[in-house]
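The values are calculated or read from the model by the stated rules, or taken from the named source; none is laboratory data. Everything numeric in this text was worked out from a predicted model, so none of it was measured. Note that we place each Cβ from the backbone using ideal geometry, even for glycine, and neighbour counts take in every protein chain shown. The protein model used for the area step is the full one, side chains on, heavy atoms only, and it has no ligands, DNA or RNA in it. Shrake-Rupley method; radii C 1.70, N 1.55, O 1.52, S 1.80 Å.
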Amino acid sequence: MSAKRNSSIDVFRLAAVALVIIQHYRLFNMDTAGALWTGFYCRIAVPFFFMVSGYFSWREEAEKRTAFLKKQIVTIGKILIGSSVFLLIWDLVVGFRINFTLRNLLGLVVFNEPKFLFGHAHMWYMLALIYVFIIGLGVEKLRLHKWMYAAAPALFIAGTALDFYLFAHGHRYACYTRNFLFDGLPFFYMGQLIHRREASLMKKLNKGGSLLFLLAAGVCMWAEATVMIKLGQNLSRTFYLSIPLLSFGVFMVLLNFPNIGAGTFLAKYARDASMIIYIIHHSVEDVIKAVAESCWGVEMFRHSTLRFFLIFLISAAIGYGYAALSGLLQRRAAQRAVTK
């Protein structure tokens, strides 16, 4: 792995978290073509995050891969605990009632569905990522990489089929497919395989080739959605058959153009800031909604575009402020350690 950081991946983290916000709150008003199509393409965001984790999990030495996975379990675990405490307190302040039942607890453990605890189901991703890292440790110990690379597309296809079945029979809950098994593992190991075969992939898909592949994947997504609309299918799904193609295309473009934003403040803190944005964006929306209604009598769901930009910009200001302050404190601590 190159020692030089890929600033393009960091910048796209920020873009991906913006796509998550669009997916949750829309960029255009409901029941418009803009809302339909932006929501459709935004489905790439979470697969991208899993792919990034898988990509950076690969090391040539097995001991280093294991060490990385263990470190990530601890790191994400700490973030999950800290953010959960924040969201629990926040939800109590805004009046959310915690519905703690055995059924909801099973939903948390089996399907990574934390809505009953936090009021914001987006935190499923962190728990799912911890599950993926734990499974990754088992894969390392048993040396099952080739089996997991083969299982990844099978799991994705199974999740897609389950999504269609549940929609058709009226029993569909997002968490049944949006979890570590169907959403996390396939894209994690897709990202890891990309890193493992990066040299050969880069020879086959150079800059121009990666851009053409991305364009073709985008067209495939459009064609799939068009067919589904004509067949009267609901597009509010977790999976689409073209998502792996689009995800792969995006990743190859980022690898071929690794210096987007290099040396800028935006890229330097994008990784840490995007995590904070992801955690707090629902809480920021709570504040925006309350202030708009109490001060101006405005219902923000009627102004989706303005609402998105307010959520993203305010969350980004908080995220970048946190990331910059954290970086400053770390540098000062390192300087003090050197002078001792």
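Checked against a 20 Å cut-off, the cross-linked pairs Lys4/Lys64; Lys64/Lys204; Lys64/Lys146 give Cα-Cα distances beyond that limit for Lys64/Lys204.
Structure remark: mean-square fluctuation, Gaussian network model of the chain, C-alpha springs under 10 Å; the largest value among Thr264, Thr177, Thr38 belongs to Thr264.
Along its three principal directions, the equivalent ellipsoid of segment 19-112 from the Cα gyration tensor extends over semi-axes of 30, 25, 12 Å, largest first. Ligands, DNA and RNA are left out, and with a 1.4 angstrom probe the accessible area of segment 1-111 is 54 Å² per residue. The structure shown yields semi-axes √(5λ) of the Cα gyration tensor in Å, and of the options (1) 45, 21, 17; (2) 29, 27, 22; (3) 40, 28, 20 that calculated value carries the label (2).
Which percent of the accessible heavy-atom area of the chain goes to carbon and sulfur, probe 1.4 angstrom?
Working: 11880 of 17540 Å².
Carbon-and-sulfur percentage of accessible area, whole number: 68.
Calculate the translational D of segment 57-209 in whole µm² s⁻¹ from Stokes-Einstein, where the hydrodynamic radius comes from the Kirkwood formula applied to all Cα pairs, the temperature is 37 °C and the viscosity 0.692 mPa s.
Values: Rh = 17.4 Å.
Approximately 189 µm²/s, per Stokes-Einstein.
Accessible area per residue for segment 149-287 is 45 Å², calculated with a 1.4 Å probe on protein heavy atoms, without ligands, DNA or RNA. Select from His122, Gln192, Leu166 the residue farthest towards the positive end of the dipole of segment 77-192; place +1 on Cβ of Lys and Arg, -1 on Cβ of Asp and Glu, and compute about the Cα centre. Farthest towards the positive pole: Gln192. Taking the helices alone, the chain has a mean residue ellipticity at 222 nm of -24500 deg cm²/dmol, built from -39,500 (n - 2.57) per DSSP H run of at least 4 residues and averaged over all its residues.
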